[in-house]
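Step one of this worksheet: look at the structure below.
The values are calculated or read from the model by the stated rules, or taken from the named source; none is laboratory data. No experiment lies behind these values; they were computed from the predicted model shown. Positions of Cβ are backbone-derived with ideal geometry, glycine not excepted, and every protein chain shown enters the neighbour counts.
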Protein chains: 2
Amino acid sequence: MSDRPITFKIVKKQPGTLGRAGVISTPHGDIETPAFITVGTKGTVKSIKPEDMKEYISNQAALANTYHLYLQPGHKIVEEAGGLHKFANWNMPTFTDSGGFQVFSLGAAFGKGVTKFASGDVPEEKQGEKTELNVYSKDLAKSHGKLCVIDEEGVTFTSHHDGSLHRFTAERSIEIQHAIGADIMFAFDECTSPTADYEYQKEAMDRTHRWAKRSILAHKQNYEALKKQGLYGVVQGGRHLDLRAESARVLSDMDFDGYGIGGSFSKDDLGDAIRVVNEILPEDKPRHLLGIGEPNDIREAVALGCDTFDCVAPTRLARTGTIYEHKEGEIIKTNLFNTKYQRDFSSVDEGCDCYVCTNYTKAYLAHLFRAQEMLGAHLASLHNLYVIVNFTKRLREEILNA
Amino acid sequence: MSDRPITFKIVKKQPGTLGRAGVISTPHGDIETPAFITVGTKGTVKSIKPEDMKEYISNQAALANTYHLYLQPGHKIVEEAGGLHKFANWNMPTFTDSGGFQVFSLGAAFGKGVTKFASGDVPEEKQGEKTELNVYSKDLAKSHGKLCVIDEEGVTFTSHHDGSLHRFTAERSIEIQHAIGADIMFAFDECTSPTADYEYQKEAMDRTHRWAKRSILAHKQNYEALKKQGLYGVVQGGRHLDLRAESARVLSDMDFDGYGIGGSFSKDDLGDAIRVVNEILPEDKPRHLLGIGEPNDIREAVALGCDTFDCVAPTRLARTGTIYEHKEGEIIKTNLFNTKYQRDFSSVDEGCDCYVCTNYTKAYLAHLFRAQEMLGAHLASLHNLYVIVNFTKRLREEILNA
C-alpha cells in the first residue's frame, strides 16, 4: 500500500460522529480534508485561472470531467500536451470522474438491449465517425431522447456536440483517464435514473460492481499510470439502503485507493444513504461525495464521514448572476439581477471577507451582469467558490478543535 | 498651473524626432509616457480585474467611455458609488472620453437640421424616456441609420440599447464626466465621418472649438472637480492638414491640461496629420492619440510626439480568438481557431515572456475558444494587452536610452 501514489491519513476523528479530518497525499500535493474540490469540466474552472484559485479561493484541488475532455479537445490531445496538469496549468491535485454520470444523464437510461448494437460494439476506429450506424442512432435518439444504450460490456451514446456515436467501457474509461492523467480517477459506473425501479437499480449496481473489478484490472495493466494515479470505486444503489449497503460491502473488498459515493438520491434520503455506506466502507480510505455542494448537505455529509466534495453549483450560479450571501447564520442565494441591487452599494456579501467582497459592491456586480460583462461571472465565481471552499475548511477546523 | 491636478514633465527628448519620454502625474498616480492606456468601456477592462492588470499586464492607467457609462449603469450610479475608481476598484490613473466618438459613430453623422428637434432640446427630465418624440426619432433612425442630430448646442441621439432619446451638449458631457470622476476628461467634440466634404469638416471643427471653450467653462464652474480632474481638448479637422493645423492653433490658446488627437484619418494620412498637429501643440502638455493601437501606428506616433494611446483592439481581437504573435520582428495577428493550432503545443507566442506565454500552449487556448470557455478570452486579453502595453514601454526605453 505504501508505494501507492495516493495515500490517506486521518488526523483527528470527531467524537460522537463519523466525521474526520485527514490528509490525502497525491503526487501533486496534499489535500487537507474535509475539502471542496472545484469543478473544471473542460479543463478550466470557468473563467478562473489556477493563480486565481490559489490567491482568491485557496482551493486545494480541481476535478475535470472525463466525458467532456474525451469529446473536446479529445483525451489524446490532453495526453500529447503532457497531461491535464500541464495542459491546463493546474499545479495542484486533480481528479477526473468516470464519465458515467455525463453519459447517463444525456438521457433517461432507458436500458436493456433495445437496439441492434445493444450488446455489440463500435470499433475504435469508427468512434466519433458519422456513419450509417450513427444516422440510425440519431433516429433512435429522436424517439427515445438522447441515445444511451447500456449492455454488459459498456455504454453506447451520442455526443451532445454533434450526435456522433461513441462507446465507453470500463477499460475505455480507464484508458481515457490514464491519458488525461489526473491524480485520482474513478472507476466506470452506471448512474441510474431516480425513477428506475428496485429491480433495475439492483441490476445496474451489480453491473457497476463488475465494471469496478474490470476498472481495477485495466488500471493495474498500465504500470506507468499505476505509479502516478490512484483509483476510487463508486458506490451506487440509488435510494435503497440495502443496495447501498451491499454496494459498499462489495466495493470494500476491492483494491481501491478511495471511494466515490455516486448516483441519485433525494435530499431526504441523502443522509441515510451516506451513513449506511460510510459505516461499511474501510475507515482508512478517503470518501468523495460526487456532485454535492449545498452547504447544508456538505455539513451533514462531513459529520457522516465524507472527506471531499465537488459540485458545479458555485460557478453555474455565478454565471447567472447569483451569489451566495451569509444571512442570519445561513448561506442563501441572492440574484443580483433584482432591480434593487442596481443602487445597493453594500459589499457583495457583508458576511464574507474574500477579495470580491472586500473590493466590490452589489451595484457594481449588478451592473456587470446587466451589461453582460464577463467580469461579472468571474468575480461572482471567485466569491461563490471562496464561500464553499472555506465553509468546508471551517468544518475541518471544527473537527480539529472538537 | 502648479496647483492643477494633472501635470506633465518631459524627462527626455529623442534627438531628431518629436518623440519624448515624460511623466503625467495624476491624483491616482503617475503615468510614465509613452504609454498604452487599457480600455474598460463600461468600467471593466473586459474579463480583467484590476489586480490582473497590475500583475499580468503592468498597465498604468485605464480609460472608460462616457457614453457607455452614461447609458449603463448611468453616471449617477457611478457617482453614488463614489466615482469610477471606487465603483470599478480601479486604483490607478483613469480617463474618460467625451462621448463624442460613440455618439457620432452610432450612425453616419448626417448633420444639419433635418428634424424638428435639430436646434431644439430634450428636457433633462425627459431624457431616456420613451416619448412620442422618441417614436418619431426611431422612424427617422430607420430611414437615416441610427439617429444622431447635430446642432450648435449639442447632439440628440438614440441609445443603442433601447432606442430611447438622449442629448449631449458640452456642458452635459462635462457634467457626466464630473459624476464619473476620472482623473483625465476630454472636452466634448464632434467626430466627423471620413466621407464628409471639406466644408462640413471645417464647420464641424469650428463647432468643436466652440464646444471646447464651453467645456472649459463648465469644468471651471465645478470647484470640487477642478481640484481632482484635468481636461484635455480634442484636435479635429479630419484628413485636411490645414484644418488640423488650425485646430491645433485654436486649442493651444485654450487652458487645457493636455490634448487628444481625435477623428478619422486613413492610415496613410495618420502620420502627416499627427506631425502637423504636434508641431503646433504646446510642447509641455501631454498628447493622447485617441483610439489608435496598432503597433506600427504607435511607433510612428511616438516618434511624432504622442504620449498616450488607447484602443479596444487588443481585447476585442482576444475575444474572437486572435492573439498577437511576434514573427520576424513584426507583431502579427494569429487566429487560434485555425485547425492546425488544436495540436500546436508551442507557447501562445514564442516571442513573448508574459504569464500566458510562459504557462499555456496554443493548443490549450485553441481548446478554450472552441469550447467557448471564458478563460480563452481572458488569457488572450492578458497576452494581447501585455504585448501592446510593453511594446509602448519599450518605445519609452528607446527614447531614454537614445
Would you please name the residue that is surrounded by the fewest Cβ atoms within 10 Å (Cβ to Cβ), looking only at residues in segment B:89-106 that are in contact with a Lys or Arg (Cβ under 9 Å, 6 or more places away or on another chain) and under 21 Å from A:Thr361 (Cβ atoms)?
B:Asn91
For segment B:332-402, which helices (runs of 4 or more DSSP H) that fit wholly inside it have 1 or more residues that are touching a residue at least 24 places away in the same chain (Cβ under 8 Å) and touching a Pro at 6+ places or on another chain (Cβ under 6 Å)?
B:362-370, B:374-401
Please go through segment A:70-108 and give me each residue that is under 18 Å from A:Ile48 (Cβ atoms), facing chain B (nearest Cβ under 10 Å) and of a type in the set (S, T, N, Q), ordered by number.
A:Asn89, A:Asn91
Sort through A:Leu395, A:Leu289 and tell me the only one that's in the same structural domain as A:Asp257 (by TED's automatic domain parsing), modelled with pLDDT of 95 or more and crowded, with 21+ Cβ neighbours inside 10 Å.
A:Leu289
Complete set of residues in segment B:48-69 that are more than 9 Å from chain A (Cβ to nearest Cβ) and in a loop (DSSP other than H, G, I, E, B)
B:Ser58, B:Asn59, B:Gln60, B:Ala61, B:Asn65
Among the residues listed as B:Arg249, B:Arg299, the single one being in contact (Cβ under 8 Å) with a residue 60 or more places away in the chain, in a helix (DSSP H, G or I) and at negative phi:
B:Arg299
With the condition kept exactly as written, say whether any residue in segment A:177-193 is of a type outside the set (Ser, Thr, Tyr), modelled with pLDDT under 95 and more than 17 Å from the chain's Cα centre (by Cα).
no
Flag if B:Gly74 is among the small types (Gly, Ala, Ser) and at pLDDT 95 or above
yes
Consider B:Lys9 carefully, then state whether it is at pLDDT 95 or above and within 14 Å of another protein chain (Cβ to nearest Cβ).
no
Within segment A:12-38, take every residue that is out of contact with any helix residue (DSSP H, G or I) (no Cβ under 7 Å at 6 or more places or on another chain) and of a type in the set (A, V, I, L, M, F, W, C) and give me the one that is nearest to the other protein chains (Cβ to nearest Cβ).
A:Ile37
Over 22 Å from B:Val149 (Cα atoms), among the small types (Gly, Ala, Ser) and buried (at least 19 other Cβ atoms within 10 Å of the Cβ): which single residue out of B:Ala212, B:Ala187, B:Ala182, B:Ala204 fits that description?
B:Ala182
Scope segment A:268-292; condition in a loop (DSSP other than H, G, I, E, B), of a type outside the set (A, V, I, L, M, F, W, C) and in contact with a strand residue (DSSP E or B) (Cβ under 6 Å, 6 or more places away or on another chain); matching residues
A:Lys285, A:Pro286
For segment A:19-34, which residues satisfy the criterion of being within 20 Å of A:Phe256 (Cβ to Cβ), in contact with a Lys or Arg (Cβ under 9 Å, 6 or more places away or on another chain) and surrounded by fewer than 19 Cβ atoms within 10 Å (Cβ to Cβ)?
A:Val23, A:Ser25, A:Pro27
Selection within segment B:160-218 - among the polar types (S, T, N, Q) and either assigned by TED's automatic domain parsing to the domain that holds B:Tyr232 or outside any loop (DSSP other than H, G, I, E, B) (or both)
B:Thr169, B:Ser173, B:Gln177, B:Thr192, B:Ser193, B:Thr195, B:Gln201, B:Thr208, B:Ser215
If you take the residues in segment A:343-391 that are of a type in the set (Lys, Arg) and facing chain B (nearest Cβ under 10 Å), which one is surrounded by the most Cβ atoms within 10 Å (Cβ to Cβ)?
A:Arg370
Based on what the data block shows, is B:Phe265 modelled with pLDDT under 95, in a loop (DSSP other than H, G, I, E, B) and under 26 Å from B:Glu203 (Cα atoms)?
yes
The one condition in (1) at pLDDT below 95; (2) of a type outside the set (Val, Ile, Thr); (3) in contact with a Pro (Cβ under 6 Å, 6 or more places away or on another chain) that B:Asp307 fails to fulfil:
(1)
Enumeration of residues in segment A:5-44 that are in contact with a Gly (Cβ under 7 Å, 6 or more places away or on another chain), within 29 Å of A:Ala88 (Cβ to Cβ) and in a loop (DSSP other than H, G, I, E, B)
A:Pro5, A:Ile6
Of (1) over 21 Å from the mean Cα position of the chain (by Cα); (2) under 21 Å from B:Asn390 (Cβ atoms), B:Asn338 satisfies all except one. Which?
(2)
What pairs come out if I take residues in segment B:229-245 that are free of Cβ contacts under 8 Å to residues at least 40 places away in the same chain and pair them with residues that are assigned to a strand (DSSP E or B) whose C-beta lies under 7 Å away, six or more apart or interchain?
B:Arg244/B:Val235
